[in-house]
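Engineer: Right, I'll just put the structure down here and ask away after.
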Amino acid sequence: MSSTSTPINDPIENGLACDVLTTPPSRQLPDGHAHREPGIADVARAYVDLGRESLAFARLAAIRAYRESGPSTTRTYYRAAHTTRSMAARTSQRAQEFQRDYPIQSLAVVAGIAFLAGVAGRIWRSRAL
């Protein structure tokens, strides 16, 4: 039995569906590529990009603030160190003058400070137990 088959050309395989089924353009569905609405992935990507830009600006602002504050911080440090040294020198000089002028009172002050330190240590140790 030999059968002769006639080739059937499927019109959908050979062309677009809109070519085969004639539908007016006003009634056709959009192809999906024309007017794409932003999806959650696009919104998330936009926020990630904004976050990256914000971090970049914050980094640049921090670098700028660090560079601008360097000289003033150095000046402030040297001024504080100088003030501390001069106060320590004046205090030492006054203590030496007080010891030279009032030796008995100096011993009394040292003894009083030692007594108060002993009392404070005793109280601290009793509360620690």
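Engineer: Could you compute the FRET efficiency for Leu60 and Arg94, with r as their C-beta to C-beta distance and R0 at 41 Å, rounded to 0.05?
Structural biologist: Step by step, r from the Cβ atoms, then E = 0.20.
Engineer: OK, next. Can you pull the one-decimal nm distance between simple spin-label points at Val119 and Gln105, each 7 Å off the Cα toward Cβ?
Structural biologist: Label at Val119, label at Gln105, 2.2 nm between them.
Engineer: Along Cα→Cβ, 7 Å out, is where each label goes; now give me the distance between the ones at Tyr78 and Ala44 in nm to one decimal.
Structural biologist: Distance between label points: 5.5 nm.
FYI, it's all coordinate maths here, none of it is from the lab. No experiment lies behind these values; they were computed from the predicted model shown. Note that each Cβ is placed from the backbone with ideal geometry, even for glycine, and that neighbours are counted across all protein chains shown.
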